[in-house]
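Rule-based calculations on the coordinates, nothing more; no lab input. Note that the structure is a prediction, hence the values are computed from the model and not measured. Don't worry about glycine lacking a Cβ; one is built from the backbone with ideal geometry, like all the others, and counts go over all protein chains shown.
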Amino acid sequence: MDYDSLKKGVVQLIRKAETELPADVISALEKAYEVEEGIAKTQIGAILENIKLARESNRPMCQDTGIQTFFVTVGVEFPYIDKLRDLIVEGVKTATKEIPLRPNTVDPFTGENHEDNLGDHIPYITWDFVDGSDVHITALPKGGGSENMSKLGMLKPGVGIEGVKDFVVEEMIKAGGNPCPPTVVGVGIGGGADLSLKLGKKALLRPVGVRHKDKTVAAVEEELIKRINDSGVGPMGLGGKTTVLDVHIEKAHRHPASLPVGIVVQCWADRRAGMVIHSDGSWRVE
């Protein structure tokens, strides 16, 4: 395995996530531009121009380059499993200097910032293991403004899915312009408190416009999109038709006495990029 080559790949992955929005997000923003009017249209226009400039100049699209967050799916036959965490950590450290990224990791007790985007439990990595020999890494830089709008609701099971929908809509209206809308909202339903929020974050990995494979869940996603957009919060909270670009739901079975709902919000800069590493050490960024 060529460790240096793979580290360059991780840096390229982070650079792509920070400087190039996925085509599905851009398409959704372009559609929003077509339907908006007045100041809302102006805001979406400025966002689209920002996206273009970031791509052309190869610079981060937002000054808040986020907490470096990764979802890693590992084929159990991949021969270098023991190297993956160090590879990602070193890639983050190098990317911070080369791209560059704003140093965003601060010790909660001392306020100390090592200026390398590393720290306790950071970068934040979620691991999953599957059959095969390939590794898939998804980078999801997570900005502070949108992360601050995350919510955990431990609802009474008796409120049912109607209560879940009301909770999500109410929280997104209360968020207003704070998460830099139009946003993408991930909702985790079920499991426990921690799992519901993890599912909410994982839901953000799904491309904008792609509905849940379960038709019942997909129908709830569509209803939430309409209800939140009908609120009129609009781009940057200044009013308009587009408060969310999408709502994605993931679910887990729950305890009979609990109905956890985790809401995780991503701003208009729905940054994500993927990388595949093959067992022979070759790689590509997608």
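May I ask for the Kirkwood hydrodynamic radius of the stretch 144-266, worked out over all distinct Cα pairs and given in angstroms to one decimal? Provide the component values of the computation, followed by the final result.
Values: mean 1/r = 0.0716 Å⁻¹.
The Cα-based Kirkwood calculation yields 14.0 Å.
Of the residues L13, L224, L53, which exhibits the maximal mean-square fluctuation in a Gaussian network model of the chain defined by a 10 Å Cα contact cut-off?
L53
Quick one: 3J(HN,Hα) in Hz for the stretch 172-186, Karplus 6.51/-1.76/1.60 with θ = phi - 60°, rounded, Gly and Pro as x.
3J(HN,Hα) across the stretch 172-186, in whole Hz: 6, 5, 5, 5, x, x, 4, x, 6, x, x, 9, 10, 10, x.
Which Cys in the chain stand alone, with every other cysteine's Cβ at 4.7 Å or more from theirs?
C62
Just tell me which lysines come within less than 28 Å, Cα to Cα, of K215; anything on the same chain fewer than 8 places away is out.
K31, K151, K156, K165, K198, K201, K202, K226, K241, K251
Which cross-chain or sequence-distant (5 or more) residues have an amide H under 5 Å from the amide H of L155, H modelled 1.01 Å from N in plane?
Excluding prolines and chain starts, which carry no amide H, the hits are L259, V261.
What does DSSP give for the stretch 144-266 in terms of the percent of beta bridges that are antiparallel, rounded to the nearest 5?
60
Starting from a Cα-only point model with no solvent, please compute log10 I(q)/I(0) by Debye for the stretch 13-160 at q = 0.09, 0.13, 0.19, 0.20 1/Å.
-0.40, -0.78, -1.18, -1.22
Give me the orientation-averaged projected area of the Cα convex hull of the chain, in nm², one decimal.
Taking a quarter of the hull surface, the average projection is 15.5 nm².
So which aspartates and glutamates pass the test for K213, namely a Cα distance under 17 Å, with those fewer than 8 places away in the same chain ruled out?
E221, E222, E223, D246, E250
Taking the Cβ of F71 as the center, what net charge do the other residues with Cβ under 11 Å away carry, scoring Lys and Arg +1 and Asp and Glu -1? Kindly include the intermediate steps, with their values, before the conclusion.
On the way: positive: K198, K201, K202, R272; negative: D128.
So the surrounding residues net to +3.
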